Amino acid sequence: MFGTTKAFSGFAVDDIDAARKFYGETLGLRVSEANGLLTLHIAGDRDVLVYPKPDHVPATYTILNFPVDDIEAAVDELAGRGVRFERYDHLKADEKGIFRGGGPLIAWFTDPAGNVLSVLQTPA
């Protein structure tokens with residue numbers, strides 16, 4: 001039944017204007033808006049719906065992962081755009097905020113609504 005549909009995911013934010021600026025300007029994604037909703041146009045023809053929710057509570061897990069070839073360059077670029085990387089007590093990160101303790105190299109950050117995102121280095 002759903003094998004041929006183009007499914008998409010979505011998540012909530014508390015401020016659509018702040019989300020549009022962050023995802024469009026800070027992260028450089030193509031963003032469109034219709035009917036008070038944002039659509040993030042992700043590479044690979046993947047769209048993600050972003051919708052307003054006045055009583056929004058940020059997700060406690062990573063809602064969106066951005067694979068990169070060079071995490072050092074990605075973290076430096078994002079930091080230069082004002083992105084602050086998260087630190088978690090149970091996951092020791094280096095001075096840049098990159099976790100190197102097993103699995104892919106990964107660094108977490110949040111959007112203006114507090115939702116958790118990451119950049120992670122894909123294997124060469």
task = Please list, in chain and number order, the residues 5+ apart from residue 93 or on another chain whose amide H is under 5 Å from its amide H, with Hs placed from the backbone.
result = 88
note = To the nearest 0.05, the calculated FRET efficiency linking residue 6 and residue 60 through their beta-carbon distance, R0 being 22 Å, is 0.20
inquiry  = Per residue, how big is the convex hull of the chain when only Cα atoms are used? Give it in Å³.
reply    = 143
query = In terms of solvent-accessible area of protein heavy atoms at a 1.4 angstrom probe, what is the ranking of 9, 118, highest value first?
reply = 9, 118
remark   = residue 91 and residue 32 label points (each 7 Å along its Cα→Cβ direction) are spaced in nm at 3.3
key: With DNA, RNA and ligands ignored, accessible area of residue 100 (1.4 Å probe; Å², nearest 10)   = 110
query = Which whole-Hz couplings ³J(HN,Hα) result when phi for each residue of region 47-53 is put into the Karplus expression 6.51 cos²θ - 1.76 cosθ + 1.60, θ = phi - 60°, listed in order with x for Gly and Pro?
reply = 9, 10, 7, 10, 10, x, 8
ask   = ³J(HN,Hα) across region 64-80 via Karplus (A = 6.51, B = -1.76, C = 1.60, θ = phi - 60°), whole Hz, x for Gly/Pro?
value = 8, 10, 10, x, 9, 7, 9, 5, 4, 5, 5, 5, 4, 4, 5, 4, x
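The values are calculated or read from the model by the stated rules, or taken from the named source; none is laboratory data. None of these values were measured; they are calculated from a predicted model. So basically every Cβ, Gly included, is an ideal-geometry build from the backbone, and we count neighbours across all protein chains shown. In case anyone asks, the SASA skips ligands and DNA or RNA and just uses the protein heavy atoms, side chains included. Shrake-Rupley method; radii C 1.70, N 1.55, O 1.52, S 1.80 Å.
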